[in-house]
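Only one structure is covered here, and it is reproduced in the block below.
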Amino acid sequence: MRLLQASTALRARAALRPHSVVITDRFGTLSAAELLAQAQLHGHRGGRDPRGAGGPRWDLLPPDAPMRQVLVTALASHGALELRSSGSTGRARSQRRGPLSATQLSCLADLARRIGLRPGRRVASAAPGVHGHGLLVALGALALGAPLVDLSHLPAASKVALLHRTEVAVLTGVPVHLVDLMEADQELGANRPLRIPRIVSGSDQLQPTLQADLARHFQSRVHDVYGTTETGPLAVDGRPLRGVHLQERDGLLLARTPFTGGRTLTTDRGRIDPDGTIEVTGRADGTISSGGMLHDPAAVVRLLRSRPGITAVQLRVVPDERFGSRTIAEVTCADVPPAGGAPRPEELRALVRDRLGAAAVPREVRFSSRER
């Protein structure tokens, strides 16, 4: 059984409460009526999918697209979204997301119930909307009528300030987002630390020590959500979601879900305890993500090359204790520095963090033309 196209249902939901706030972000607030108007305008402009899917091209969104731009694109896409898979169940490829079935909706409803996502409860997302984690949160919040607070691509101090202004009930992000936010709040919060009832970690392994630290600092109930782009969400706090069937074979986790079309896919390395609890121990393909976020190294190179005085940039991948892997940027500068002086390493790293997110920031910036 197929239900309404996802974008059609979301537009109908937004139309029911046109004056309600859909998003709060660094630009201010966006109402449901304003979102619908922008989606209608965006759907009539250029950038349509040449394969006839209708609506604007999802893959043309920049890595630093704000969540409001992501939602406008989703609502203008007439239901079909092209996502890039993580590659954990095979070669990375496009994943087409169209109409939702009853079993898929049941699985997503179970996810929302377990993490405390409810109509009217404000939810903050530190995960970028162009990634599956952030997209699922944004679409789920809109579908439920939960106001969304977009923390993505903001400096840490701005995230803390926005959270204080909005008083969210749920905060979600990958572990590196959450630890950065906790450290910023410890530094800037003084005698007014943030209090967030629910924290949801996903897209990377959540270490027990970090889970305990987050719970203690924010006085929060911390949930660990596991899933992949190919299979959809799989488990919350180690317990499978409704409609999800998991089994262990030779140290690998195999999943059949409402999103796999009846197929059983290998997801990651892990085990299932006798009580049914799932524990993930690593990726099946042996690769290591950077803080759970898949960023585009070419985007980092383009961004750094756009700075005056920089003539070439190369990135090298190196192991990193905190993120799993990070990059070192080797930057070549022009012999004559631009007006205002040559760029400094900390300025370039801050630029990447603000535009592309924490996971894309090079661990180190080295200049090959002269000493810094």
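The values are calculated or read from the model by the stated rules, or taken from the named source; none is laboratory data. What you see is a predicted model, and the numbers here were worked out from it, not measured in a lab. Here the Cβ positions follow ideal geometry from the backbone for every residue, glycine too, while neighbour counts run over all protein chains shown.
Restricting attention to segment 291-316, which residues are modelled with pLDDT under 75 and closer than 18 Å to residue 354 by Cβ?
Once the filter is applied, which keeps residues that are modelled with pLDDT under 75 and closer than 18 Å to residue 354 by Cβ, segment 291-316 yields 291, 293, 295, 296.
Results for (1) surrounded by 17 or more Cβ atoms within 10 Å (Cβ to Cβ); (2) farther than 30 Å from residue 259 by Cα, shown as yes or no for each residue.
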{"site": "130", "(1), (2)": "yes, no"}
{"site": "162", "(1), (2)": "yes, yes"}
{"site": "191", "(1), (2)": "no, yes"}
{"site": "195", "(1), (2)": "no, yes"}
{"site": "200", "(1), (2)": "yes, no"}
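Is it fair to say residue 257 is hydroxyl-bearing (Ser, Thr, Tyr), in contact with a Pro (Cβ under 9 Å, 6 or more places away or on another chain) and crowded, with 16+ Cβ neighbours inside 10 Å?
In short, yes.
When you check residue 143 against the structure, is it within 17 Å of residue 186 (Cα to Cα) and at pLDDT below 90, yes or no?
no
Taking segment 359-372, which residues are farther than 30 Å from residue 67 by Cα and modelled with pLDDT under 80?
368, 369, 370, 371, 372
Enumerate the pairs (first residue in segment 101-113 and free of Cβ contacts under 8 Å to residues at least 40 places away in the same chain; second residue anywhere and assigned to a helix (DSSP H, G or I) and small (Gly, Ala, Ser)) with beta-carbon separation below 7 Å, excluding pairs fewer than 6 apart on the same chain, so at least 6 apart or on different chains.
Listed by first residue and then by second, the contacts come to 112/140.
Of all the residues that make up segment 317-358, how many are within 19 Å of residue 181 (Cα to Cα), exposed (fewer than 15 other Cβ atoms within 10 Å of the Cβ) and at pLDDT below 70?
Looking only at that region, the number is 2.
Taking the stated definitions as given, is residue 288 modelled with pLDDT under 90, of a type in the set (Val, Ile, Thr) and under 30 Å from residue 367 (Cα atoms)?
Criteria met by residue 288.
Among the residues of segment 76-94, are any modelled with pLDDT of 90 or more and either within 30 Å of residue 262 (Cα to Cα) or crowded, with 18+ Cβ neighbours inside 10 Å (or both)?
no
Being assigned to a helix (DSSP H, G or I) and of a type in the set (A, V, I, L, M), is that true of even one residue in segment 193-210?
Yes, because at least one residue in segment 193-210 is assigned to a helix (DSSP H, G or I) and of a type in the set (A, V, I, L, M).
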